[in-house]
Amino acid sequence: MNPPSIDTSLLTAVATLMTPRLRLEPLGPSHIDGAMEGISDPETLRLTGTRRTFSRDDVLRHLTSLADRDDRADWAIIDLATERYVGEVVLNELEPDDAAMNFRIALNPGWMGRGYGTEAARAVLDHAFDDLGVHRVGLDVFAFNPRAERSYEKAGFRHEGRQRDTLFWDGEWVDSILMAALSTDERPAL
Ligand SMILES: CC(C)(COP(=O)(O)OP(=O)(O)OC[C@H]1O[C@@H](n2cnc3c(N)ncnc32)[C@H](O)[C@@H]1OP(=O)(O)O)[C@@H](O)C(=O)NCCC(=O)NCCS
């Protein structure tokens, strides 16, 4: 078998991806207002296990830095009908020798439960496998987030295991559920 090969030019110049209802465009400083809304929401912080708070300058610095990265791809999810910012979706933690990346997504409040997250995740997985040459996309999701777990299943991620007590939140230990999708897995039916 030939060793895997990642097309890192598609990480340096992140492609815009289209789905029936969404445009996934390279995330950058122009998305600061939408990004700030997401990381200011207490429920999103809980679901992503985020304890740190970020100033507008912190976020702007992060968004600006993304253009120089060749080990990750970050997209702003835009609703085609309204041109509004829906959230962000990320492939990061590139392991080039193993053709592996990590997946992360967060929609802003008000956009959840309408299939947008699953639609975005499918587009990113298709791009990872078909265009970037990634073989494995992994993720972890806290056990108190069954909506995310279900969305990931629908997008094609499979369960691989469980790490116990990875997060201490609101006085309780929470497990992490490990999931991944492989390029060789059957893609879910639309
Ligand atoms: C996780 C996330 C991206 C999913 O996207 P989404 O658009 O909300 O999800 P979808 O609408 O595509 O699918 C949600 C599914 O979960 C199901 N669901 C919702 N609440 C549920 C619950 N409490 N238990 C089980 N399933 C649940 C829905 O019924 C739906 O499944 P179905 O289509 O089979 O009915 C989005 O909710 C989000 O960004 N949440 C906040 C941040 C977050 O949790 N990020 C992930 C961190 S790992």
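Please work out the Cα center distance from the range 135-190 to the range 89-127, rounded to the nearest Å. Answer, in whole Å: 12. State the percentage of accessible surface on the chain attributable to carbon and sulfur atoms; use a 1.4 Å probe and exclude ligands, DNA and RNA. Of the solvent-accessible surface of the chain, carbon and sulfur hold 49 percent. Here the spin labels are modelled as points 7 Å beyond Cα on the Cα-Cβ line, and at ILE32 and THR8 they lie 3.0 nm apart. Per residue, the convex hull around the alpha carbon atoms of the chain comes to 119 Å³. Protein heavy-atom accessible surface, 1.4 Å probe, per residue over the chain: 53 Å².
Taking all Cα pairs closer than 8 Å and separated by 6 or more residues, the relative contact order of the range 9-182 comes to 19 percent.
The values are calculated or read from the model by the stated rules, or taken from the named source; none is laboratory data. Because the structure is a prediction, the values reported are computed rather than measured. With ideal geometry, Cβ positions are generated from the backbone for all residues, glycine too; neighbour counts draw on all protein chains shown. Keep in mind that these areas ignore ligands, DNA and RNA; they rest on the heavy atoms of the full protein, side chains included. Shrake-Rupley method; radii C 1.70, N 1.55, O 1.52, S 1.80 Å.
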